[in-house]
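Peer 1: Before I ask anything, let me first share the structure, which is written out below as structure tokens.
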Amino acid sequence: MTAFGFVSETAFSQDFTSKEDGEWKKDNTWESTTSCSQWSNTSDGQPPVSKSWGCPVTVTINHEVTYKGDINGFGSGVFTSLVIGPNGKLIFEDDITINGGGSVPTITLAEGAEIVVNGKFDIDRKVTIVIPNNAKMTIQNFEIGDNSPLITVEEGGMLVVNEETNMASRSTLNVYGDFQTAELNYSSGGIINVGSATEAGSVSVSGDMVIGNGSLNMFNSSTILVEGTSSTGNSGSINLNDQASARFIGDVDMGRGGSMTLNDNTEFSFESNFTTSGGANIKMNDNANGFIHNDLIMTNGTITLKNDSEVTVGEKLTASGGAKINGSNNSAMYISDYANSTKENTYHINFSGGAFYGYGFFSLPVVWKSFDVNVTNNSVSQLVWETASEDGNSHFEVERSIGGIANFEKIAEINASGWTNTVSKYSFEDEQLEELTGMIYYRIRQVDFDGNQMVSDVVSIKAAGSVPTPDTVQWTAYPNPTDGSSLNIKLSSGNITGAVYVRLLQASSAVNFEGEVGIALDQWLQSAVKNATRGVAVLEIIHEGEAHRIKIMKI
């Protein structure tokens, strides 16, 4: 998919294209061509990040380009487009704000492209950004403003926000690939669509989610995991359709007009306490299922169950004030601690048409503790997962999908502990990683002894797709990016003997080492990366006249 935005009415422009890795503000990073006249205010040396008048500017990046310093008004005036090519990577070291007037720039990423913002990315214009298959955008803090910006993560694409994602009114985020953020906050509105009629997306929130206004809409087997607390209010809503599922590990509080709607075999799991107040409304229809592991406390609000929908409460249900629970058409509300819960013959409960309200319980076959994937130094993806308890758990099936989450295939089977109330730890190494390219997705299918199954959340990594021959000398530097506390190199393939010559190169400095691979080299690397400035560096390793270069990012 291509991002479409402003199209200049004139055929004239000045086109800047990167010609090597480097800094945005250095002239030797760029080459340019122009169809404008010399009187049309053409730009010299490097592309401006904004331009009030004159020859329109386009920028294409096919290398690794770094911009240092804050930017306000990026893409304003006659700055018409930014394109990141298949091998391009654009790094903003500090804050960037897209605001101002003039043309609305298009920002287009090709497959394999990458944008990194190490500060805050604030979009306050009607900008369209598409993250396609095998492309990635990593941001420290993301402010999606209220001037109708549109962000789309396509299948196989990835958006990672290390801290907060804030959605404002009239902002839209479409997730058909993978979206990960530490905090998710709808400050005054906004819409997040996860999945579509033909695509399934995945959202992971490692911290808290607050939907004060706006809506979270999920379709087509899409998933969301919130590890912190979740709350809705005012007109904030969560809507699940077409077998979508939502898992909330922390406490959930729906109040002040918040709502949740489930249709068509969808499912939610609240794994801590759930409270409603202020008129919160949950509607479940057509075989929707809900699991509330602990207490359900309703001081107000409504839960409505229709057409074979079910909710199971792991402990007790307490309804008071104006709280109501309605059930019809063979729906059910099962309560494990029914003896200490609100009874059916009270004002709060209204069940009819074959619906059931009363005692029942569920025993989860597996209580998940964690699931992660990492790439080892040997370019193997290592999956590690833990369970807090297991009840009749036969085995796990490791499933992998390449380029999206629509084509999972079983690649391994791991025997489970069966019955246990203690923590169990499992691992699996996918040694085929070096043969793969693009985004690689994994999930774990848990299978009971009676054949019932549950599927874990989805985790992902990006594969480089490089398969060296056994005799090819290749080096790996890690951790990369590095915070400066450590840097190591190792042979990922091939063998060497004798001395190596190593240099760490930056724009205005270079340090070097000569000797054999070992403790002395390790100590030199520790000192070199510690004293390096933030940004891109090149680690050059020369052995017997052959040079190997590795890009290093110090953050």
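No value in this document is a laboratory result; all are computed from the given coordinates. All of these numbers come straight from a predicted model, not from anything done at the bench. Heads up, the Cβs are rebuilt from the backbone with ideal geometry, glycines too, and the neighbour counts pull from every protein chain shown.
Peer 1: For the cross-link pairs LYS89/LYS462; LYS316/LYS425; LYS51/LYS136; LYS462/LYS490, which exceed 25 Å when the distance is taken from alpha carbon to alpha carbon?
Peer 2: With Cα atoms farther than 25 Å apart: LYS316/LYS425; LYS51/LYS136.
Peer 1: Once R0 is set to 30 Å, what does the formula 1/(1 + (r/R0)^6) return for the Cβ-Cβ distance between GLU429 and GLU540, expressed as a FRET efficiency to the nearest 0.05?
Peer 2: 0.45
Peer 1: So for MET158, MET454, fewest C-beta neighbours within 10 Å to most, what's the order?
Peer 2: MET454, MET158
Peer 1: For region 253-367, compute the orientation-averaged projected area of the C-alpha convex hull (one quarter of its surface), in nm².
Peer 2: 6.3
Peer 1: Compute the angle between helix 519-531 and the longest alpha-carbon principal axis of the chain, please, reported from 0 to 90 degrees and rounded to the nearest 10.
Peer 2: 90
Peer 1: Averaged across orientations, what area in nm² does the convex hull of the alpha carbons in the chain project?
Peer 2: 28.8
Peer 1: When ranked by the protection proxy of mean other Cβ atoms within 10 Å per residue, highest first, what sequence do the peptides 436-449, 22-35, 419-432 form?
Peer 2: 436-449, 22-35, 419-432
Peer 1: If you project the alpha carbons of region 326-372 onto the principal axes, what extent comes out on each, in Å, largest first?
Peer 2: 45, 25, 14
Peer 1: Which residue, chosen from TRP475, THR533, GLY518, occupies the Cα position most advanced towards the positive end of the dipole of region 474-554, where the dipole is computed from +1 (Lys, Arg) and -1 (Asp, Glu) charges on Cβ about the Cα centre?
Peer 2: THR533
Peer 1: Can you give the % of DSSP beta bridges in the chain that are antiparallel, to the nearest 5?
Peer 2: Here the share of antiparallel DSSP bridges comes out near 35 percent.
Peer 1: Fully extended, how many nm does the chain gain between SER188 and GLU31 (0.36 nm per residue separation, minus their Cα-Cα distance)?
Peer 2: The span from SER188 to GLU31 would gain 52.2 nm if fully extended.
Peer 1: Give me the aspartates and glutamates in straight-line cross-link reach of LYS68: C-alpha distance below 16 Å, same-chain residues under 8 apart excluded.
Peer 2: ASP21, GLU23, ASP27, GLU93, ASP94, ASP95
Peer 1: Could you pull out every residue, at least 5 positions away or on a different chain, whose amide H is within less than 5 Å of the one on MET260? Hs are placed 1.01 Å off N in the peptide plane, and Pro or chain starts have none.
Peer 2: For MET260, the qualifying residues are ILE238, ASN281, ILE282, LYS283.
Peer 1: If you don't mind, another one. Label points 7 Å out from Cα along the Cβ direction at GLN453 and ASN307: separation in nm?
Peer 2: My value for the distance between the label points is 2.6 nm.
Peer 1: Say each of GLU413 and LYS530 gets a label point 7 Å from the Cα, pointing the same way as Cα to Cβ; how far apart are those two points in nm?
Peer 2: That separation, rounded to one decimal, is 5.2 nm.
Peer 1: Dividing the convex hull volume of the alpha carbon atoms of region 474-554 by its residue count, what do you get in Å³ per residue?
Peer 2: Enclosed volume per residue, from the Cα hull, is 81 Å³.
Peer 1: Given a Förster distance of 30 angstrom, what is the FRET efficiency for ASP146 paired with ASP264, based on the Cβ-Cβ distance and rounded to 0.05?
Peer 2: 0.40
Peer 1: I need two numbers for region 27-183: Rg to one decimal and Dmax as a whole number, Cα atoms only, in Å.
Peer 2: 15.3, 49
Peer 1: Moving on to the next point. For the chain, with the dipole built from +1 on Lys and Arg beta-carbon atoms and -1 on Asp and Glu ones, taken about the Cα centre, which of SER81, ASN495, ASN393 lies farthest toward the positive end?
Peer 2: SER81
Peer 1: Divide by every residue of the chain the summed helix terms, -39500 (n - 2.57) for each DSSP H run of at least 4, and state the resulting mean residue ellipticity at 222 nm, rounded to the nearest 500 deg cm²/dmol.
Peer 2: Mean residue ellipticity at 222 nm (helix-derived): -500 deg cm²/dmol.
Peer 1: If r is the Cβ-Cβ distance from SER272 to PHE361 and R0 is 22 Å, what FRET efficiency results, to the nearest 0.05?
Peer 2: Efficiency, rounded to the nearest 0.05: 0.80.
Peer 1: If you count, for each residue, the other Cβ atoms within 10 Å and average over each peptide, how do 252-259, 67-74 line up from highest to lowest?
Peer 2: My ranking of the peptides, most packed first, is 252-259, 67-74.
Peer 1: Say each of ALA339 and ALA547 gets a label point 7 Å from the Cα, pointing the same way as Cα to Cβ; how far apart are those two points in nm?
Peer 2: Reported label-point gap for ALA339 and ALA547 is 8.0 nm.
Peer 1: For region 366-464, divide the Cα radius of gyration by the Kirkwood radius and give the resulting Rg/Rh value with two decimals.
Peer 2: Ratio value, two decimals: 0.98.
Peer 1: Here's a follow-up. How big is the C-alpha Rg of region 191-283 next to the rule-of-thumb value 2.2 N^0.38 Å, as a ratio?
Peer 2: This ratio for region 191-283 stands at 0.98.
Peer 1: Under 5 Å between amide H atoms, partner at least 5 residues away or on a different chain: which partners does TYR67 have, H built in plane at 1.01 Å?
Peer 2: Sorted by chain and number, the residues that satisfy this are TRP24, ILE91, PHE92, GLU93.
Peer 1: Taking the mean number of other Cβ atoms within 10 Å as a proxy for protection, how do you rank 498-505, 102-109, 320-327 from highest to lowest?
Peer 2: Sorting 498-505, 102-109, 320-327 by mean packing, highest first, produces 102-109, 320-327, 498-505.
Peer 1: About its Cα centre, what dipole magnitude does region 474-554 give when the only charges are +1 on Lys and Arg Cβ and -1 on Asp and Glu Cβ, stated in debye to the nearest 20?
Peer 2: Here region 474-554 has a charge dipole of around 380 debye.
Peer 1: Taking amide H positions as placed in the peptide plane 1.01 Å from N, state which residues far from SER389 in sequence (5 or more) or on other chains have amide H under 5 Å from it.
Peer 2: Amide H neighbours of SER389, under 5 Å, 5+ apart: VAL367.
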